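See below for the structure under consideration.
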Amino acid sequence: MDDINKKSKEELLRDMKPPGAYLDSLAGFTDIIGTIRQAENAAKELLDETSVAVKEKKQAKNKEETDGNKKEDKSSSPENETAETETAEEPAEEKSLEELMETLDALVGLDNIKQSVKSLINYVKVRELRKENELPNPPLSLHMVFTGNPGTGKTTVARIISELYKAIGVLSKGQLVEVDRGGLVAGFVGQTAIKTAEAVTSALGGILFIDEAYALAPDTGAGNDFGREAIETLLKMMEDHRNDLIVIVAGYSEPMERFITSNPGLESRFNRYFFFEDYNSEELYDIFDLMCNKSEYILTDEAKDYAREQFKLIYENRDENFGNARHVRNFFENIVSVHSDRISTLDGHTRDDLTMVILEDLEKAAEM
């Protein structure tokens with residue numbers, strides 16, 4: 001009876017559901033599950049977006065409050081306002097043409113250089129006036145060769161010239177970029193041109209000062225030296241940027257003559273020569289005196305006399321390694337060191353002790 005009833009139920013179910021209904025029900029169930037999962041994902045994304053929005057809003061509010069506090073602090077505190085002004089990147093105050101000429105005149109010695117620079121500036125100024133009046137000007141190359149021993153003020157004069165040219169409108173920026181062979185030449189094929197181009201680009205609008213430039217063309221007969229690649233790159237960029245770039249090459253007289261004649265392009269572009277003579281003994285003392293005054297050191301009369309005699313001996317016995325102002329600076333720094341050793345042994349000291357330099361200080365410094 002149970003089997004009959006069971007069979008009747010199964011038959012009854014078959015009569016109620018068409019073929020494939022079980023599969024359709026399973027597919028529908030799967031769709032429902034997928035829909036639920038999609039709803040869960042959408043809810044999660046909405047929750048994440050809401051959290052981010054809340055976080056950003058909170059950060060914006062905190063920043064607004066912080067900025068408000070800063071504004072209040074600046075308005076009520078002159079110190080903060082000053083600090084803000086000092087940290088701002090503002091261009092340095094430019095000197096007038098008259099101020100720059102006074103700076104040039106204040107240099108110790110270099111009378112021939114001062115006159116040459118003044119003549120050059122006058123020449124350029126007249127060219128600008130002719131241009132304004134629509135008058136023709138002959139071709140002009142402002143690239144220069146500085147020759148002379150170290151410590152004769154070549155870099156200082158180059159810096160003043162860059163500022164002078166900026167003041168009269170020849171250069172747009174007037175900065176001085178100083179390099180040597182190491183700043184132009186790389187150690188691998190193809191890298192020197194890139195390195196040289198970067199150095200020249202940094203000097204556009206100003207002056208590229210190449211110290212010991214003769215090292216770019218060593219007298220070794222090596223045909224694959226990378227210095228020659230640097231020279232070729234330099235010459236091309238000098239031509240490409242001839243209206244807003246000046247190059248100054250510097251070094252000892254004889255090696256510089258060899259350097260200029262090593263390439264026809266150099267000879268045609270560098271036709272202005274400035275020879276920096278060695279400082280004489282009195283000029284060396286004047287430089288020394290300026291260093292002492294700047295650092296507020298006062299020499300006794302005996303110390304002054306000794307210093308004059310010392311610089312006279314130094315000048316009379318100078319050789320090819322004579323350092324001019326560099327020699328003076330070394331001597332001055334030795335004096336400061338000896339003076340400090342002497343003062344440190346005192347139980348007590350006065351302001352005069354801290355500033356007074358005696359004969360014994362110079363004697364010991366000379367031995368160093």
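The values are calculated or read from the model by the stated rules, or taken from the named source; none is laboratory data. Because the structure is a prediction, the values reported are computed rather than measured. Cβ placement follows ideal geometry from the backbone for every residue including glycine, while neighbour counts extend to all protein chains displayed.
A quick yes/no check of all residues on (1) within 29 Å of ASN112 (Cβ to Cβ); (2) in contact with a strand residue (DSSP E or B) (Cβ under 9 Å, 6 or more places away or on another chain); (3) outside the structural domain of ALA197 (by TED's automatic domain parsing); (4) not aliphatic (A, V, I, L, M):
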residue	(1), (2), (3), (4)
ILE231	yes, no, no, no
LEU245	yes, yes, no, no
LEU290	yes, no, yes, no
GLU296	no, no, yes, yes
LEU299	no, yes, yes, no
GLU316	yes, no, yes, yes
ALA325	yes, no, yes, no
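Hey, can you tell me all the residues within region 102-150 that are within 30 Å of TYR285 (Cβ to Cβ) and without any contact (Cβ under 8 Å) to a residue 12 or more places away in the chain? If the condition is that a residue be within 30 Å of TYR285 (Cβ to Cβ) and without any contact (Cβ under 8 Å) to a residue 12 or more places away in the chain, then GLU102, ASP105, ALA106, ASP111, LYS114, GLN115, SER119 are the ones that fit. Looking at LYS131, LYS118, LYS114, LYS125, just one residue is basic (Lys, Arg), surrounded by 10 or more Cβ atoms within 10 Å (Cβ to Cβ) and more than 31 Å from the chain's Cα centre (by Cα), and that residue is LYS131. Considering region 134-174, the residues that are modelled with pLDDT of 90 or more and over 30 Å from the mean Cα position of the chain (by Cα) include one that is nearest to TYR273 (Cα to Cα), namely PRO136. Among the residues of region 201-212, are any modelled with pLDDT of 95 or more, among the β-branched types (Val, Ile, Thr) and part of a helix (DSSP H, G or I)? Taking every residue of region 201-212 in turn, at least one turns out to be modelled with pLDDT of 95 or more, among the β-branched types (Val, Ile, Thr) and part of a helix (DSSP H, G or I).
Out of curiosity, is ALA186 more than 17 Å from GLU163 (Cβ to Cβ) and in contact with a Ser or Thr (Cβ under 9 Å, 6 or more places away or on another chain)? Considered against the rule, which asks whether it is more than 17 Å from GLU163 (Cβ to Cβ) and in contact with a Ser or Thr (Cβ under 9 Å, 6 or more places away or on another chain), ALA186 comes out as yes. If the condition is being assigned to a loop (DSSP other than H, G, I, E, B) and either without any contact (Cβ under 8 Å) to a residue 60 or more places away in the chain or surrounded by 20 or more Cβ atoms within 10 Å (Cβ to Cβ) (or both), then region 243-277 contributes ASN243, LEU245, SER262, ASN263, PHE270.
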